[in-house]
1. In the stretch 6-34, which residues have a backbone nitrogen under 17 Å from the label point lying 7 Å from I52's Cα in the Cα-to-Cβ direction?
2. Applying the Karplus parametrisation 6.51 cos²θ - 1.76 cosθ + 1.60 with θ = phi - 60° to the phi angles of the stretch 67-77, what ³J(HN,Hα) value in whole Hz is obtained for each residue in order, glycine and proline being reported as x?
3. Below 19 Å, Cα to Cα, which lysines can K8 reach? Residues fewer than 8 away in the same chain don't count.
4. Which distance in nm do the two modelled labels at F26 and E105 give, with both placed 7 Å along the Cα-to-Cβ direction?
5. Less than 11 Å Cβ to Cβ from D77, Lys/Arg counted +1 and Asp/Glu -1: what total charge do the surrounding residues give?
6. Kindly state, as a whole number, the per residue volume in cubic angstrom of the convex hull around the alpha carbon atoms of the stretch 50-110.
7. Could you tell me the ratio Rg/Rh of the stretch 3-106? Both radii from Cα atoms, Rh via Kirkwood.
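What follows is calculated from the coordinates using simple rules that are stated; it is not laboratory data. Every value quoted in this text rests on a predicted model; they were computed, and no experiment measured them. Neighbour counts run over all protein chains shown; Cβ positions are idealised from the backbone, glycine included.
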Amino acid sequence: MANSYKGKIVAIEGIQSIQRQGKEPFEKRRLMLDATRFDGLTGERGYEKRIIFEFSGKNVHVPDGFNVGDIAEVFFDVESYQGTKKDGTTDWFTSVRGYKMQKIEAQNNAPQGGMQAAANNPFPPQAPAAGSAPIPPAQPSGTNTSDAPF
């Protein structure tokens, strides 16, 4: 099963070309996806989740047909490699490498009314029970229905 996230494209960087000694230049670009999930009952945004995907090598042009604001699914691999820092120490680096993208068409999830709306709503509105009015009914003047002693 492939790793993928669906979300809204927040940013797409241009292609960066990095010169390598004695080799062809290495090309890469990054894309930021807002993959924040929404609560199904309240519609509120959950914990913010923005992911940066790196497209490099033969996959550098995968984001070409996409724009900021598009809804997309990004397929990716997670890679770790050991590298040497500028100070000479070695460390492990991890990157999220995108290799494929798919546009997602926006769906209108609003109910259309009638029986379909009732079927889609697991909690239909209910009428208040008899005698549970929030304000007591007005009493005719001169009558005392209170059982208070004063």
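1. 9-18, 27-34
2. 10, 4, x, 5, 8, 9, 10, 10, 9, 8, 10
3. Once the sequence-local lysines are set aside, what remains near K8 is K49, K100, K103.
4. Result for the modelled spin labels: 4.1 nm.
5. Around D77, the surrounding residues sum to 0.
6. 125 Å³
7. We get a ratio of 1.06 for the stretch 3-106.
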